[in-house]
Amino acid sequence: QVQVVESGGGLVQPGGSLRLSCAASGSIFSILSMGWYRRPPGNKRELVASIINGGSTNYADSVKGRFTISTDNTKNTAYLEMNNLKPEDTAVYYCSVKHRRGWGYLPVDYWGQGTQVTVSS
């Protein structure tokens with residue numbers, strides 16, 4: 001079993017910055033990718049950014065140039081650096097970890113509980 005815990009959310013003014021962290025722990029064999037998703041008020045969950053083992057990244061068009069995803073593989077942790085935040089970035093941010101528990105096993109997605117990000121003056 002893998003546990004996923006997000007941290008770093010909060011209230012920030014427009015134009016400000018926040019850094020989210022996502023720590024995976026437990027019986028970790030191989031993390032294939034980590035990603036950040038968000039659910040704005042009244043909307044569906046959407047992909048924000050993802051990074052695969054090896055470093056290739058993918059971003060939603062709405063955050064390109066403002067957000068940066070990175071990982072520290074020694075700590076099984078992913079980060080989301082968010083700059084020039086806008087009110088429309090307000091959402092609950094979730095971390096997802098795609099993990100394989102051994103050779104020959106299919107990967108499984110694990111999710112954290114989410115962390116609230118509010119961008120408001």
Open item on the list: Here's a check for you: in segment 81-98, which residue that is hydrophobic (A, V, I, L, M, F, W, C) and farther than 15 Å from V4 by Cβ is surrounded by the most Cβ atoms within 10 Å (Cβ to Cβ)?
Closed with: M82
- [ ] Would you please name the residue that is nearest to the chain's Cα centre (by Cα), looking only at residues in segment 1-14 that are in a strand (DSSP E or B) and more than 16 Å from E88 (Cβ to Cβ)?
- [x] E6
- [ ] Grab the strands (runs of 3 or more DSSP E) fully contained in segment 15-80, keeping just those with 3 or more residues being surrounded by 15 or more Cβ atoms within 10 Å (Cβ to Cβ) and in contact (Cβ under 8 Å) with a residue 12 or more places away in the chain.
- [x] 18-26, 30-39, 46-52, 67-72
TODO: With the checklist (1) at pLDDT below 95; (2) within 17 Å of S21 (Cβ to Cβ) in hand, flag the one item F67 doesn't pass.
DONE: (1)
Open item on the list: Take the residues in segment 99-121 that are of a type in the set (A, V, I, L, M) and open to solvent by 30 Å² or more (accessible area, probe 1.4 Å); name whichever of them is farthest from P41 (Cα to Cα).
Closed with: L106
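The values are calculated or read from the model by the stated rules, or taken from the named source; none is laboratory data. Every value quoted in this text rests on a predicted model; they were computed, and no experiment measured them. Methodologically, a virtual Cβ is constructed for each residue, glycine included, from the backbone with ideal geometry; neighbour enumeration extends over all protein chains shown. Areas reflect the complete protein model, heavy atoms only, side chains present, ligands, DNA and RNA absent. Shrake-Rupley method; radii C 1.70, N 1.55, O 1.52, S 1.80 Å.
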